[in-house]
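Engineer: Starting off with a structure, shown below.
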Amino acid sequence: MGPTCRENTLTGVELTGAQLRDYLEFSARYFVQTEVGATFDPATGTNAAYPDRPEGVPDYNYDVIAGLDDVIDVSQPVGSRIATLNYPDGSAVGDHDVFVMAVNNYRQSGGGAYPHVASAPVVYDERLEIRQLLIDWASERGVIDASEFFTPNWSLTTDAQVAPTDPPVDPEPSEPGPSTPAPTDGAGGGDAVAPGAGGSGSLPQTGAEGPLGAALVATLALLAGALLLARRTRRC
């Protein structure tokens, strides 16, 4: 593995969960739409062509992220392919969740025409070249273990995702009539539980993490075209 030959620098921008999903949807246009249930063939299923990309989307314009898990359904049309977008604990990313995303200055300035990123608030820009950060990090470590900076966190599917249906709701019990004695305690039909009781559904707090964590670790994700995400905790 060699350092990138580009002079790109490391930046960090703030995006919401909804904007991040849009970003990933744009990235997923890299794949050719595949028939539902068919086996995906990487040899023919990438570098999809569009009117604005008649020669096909180049490999360098496909981004993945680190820090979240997502499933891309390539059987769906462009714009509807991110089937799931979750935190590592399995909870779903909310539209209003706030993240700091590490990107290089090429992406941050609008390179590749990705949505939102060029107009997003910049929260980190030390003008540090990514390749030098990589050299410094590798020199300090001496040995590079891929497991330290990459965890498989995205996948492709051609199985159409079925939207969940609302859970059935038990009908309200009817008032007992004159000939129907009212039920007594313990006589069938225990206390009803309201839908959603027993769980708040709120997302876990990630603590007061720095916006980008260690800049050197972030550059390792960027080397592979990945984007490092840190959830940003809002404070009053």
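Any read-out appearing in this document is the output of simple, stated calculations on the displayed coordinates, not a laboratory observation. All values reported here derive from a predicted model rather than from experimental measurement. Backbone-built Cβ (ideal geometry, glycine too); neighbour counts: all protein chains shown.
Engineer: Please give the FRET efficiency for Arg21 paired with Ile144, using the beta carbon to beta carbon distance and R0 = 25 Å, rounded to the nearest 0.05.
Structural biologist: 0.20
Engineer: Moving on. Once fully extended, how much extra length lies between Asn47 and Asn86, figured as 0.36 nm per residue of separation less the alpha-carbon to alpha-carbon distance?
Structural biologist: So the chain would gain 11.4 nm between Asn47 and Asn86.
Engineer: Using only the Cα atoms of region 90-152, build the gyration tensor, take square roots of its eigenvalues as a ≥ b ≥ c, and label the shape rounded, prolate or oblate: rounded if a/c is under 1.5, else prolate if a/b is larger than b/c, else oblate.
Structural biologist: On the way: a/c = 2.51, a/b = 1.36, b/c = 1.85.
Cα axes put region 90-152 in the oblate bin.
Engineer: Decide, for region 35-115, between rounded, prolate and oblate: order the square roots of the alpha carbon gyration tensor eigenvalues as a ≥ b ≥ c, take rounded if a/c falls under 1.5, and otherwise choose prolate if a/b is larger than b/c, else oblate. All intermediate terms of the calculation are to be shown ahead of the outcome.
Structural biologist: On the way: a/c = 2.14, a/b = 1.15, b/c = 1.85.
Oblate.
Engineer: Pick out, in residue order, every one of the GluC sites (Glu not before Pro) in region 1-106 that is DSSP loop and has at most 15 other C-beta atoms within 10 Å; say none if there are none.
Structural biologist: Taking region 1-106 and a limit of 15 other Cβ atoms within 10 Å, the loop GluC sites (Glu not before Pro) found are Glu7, Glu35, Glu55.
Engineer: Please work out whether region 53-160 counts as rounded, prolate or oblate from its C-alpha gyration tensor, where a ≥ b ≥ c are the square roots of the eigenvalues and a/c under 1.5 means rounded, while otherwise a/b larger than b/c means prolate and anything else oblate? Numbers along the way, then the final one.
Structural biologist: Working: a/c = 1.59, a/b = 1.35, b/c = 1.18.
Prolate, because a/c is 1.5 or more and a/b exceeds b/c.
Engineer: Something else about it: Show me the trypsin sites (Lys or Arg not before Pro) within region 4-42 that DSSP assigns to loop and that have at most 14 other Cβ atoms within 10 Å of their Cβ.
Structural biologist: Arg6
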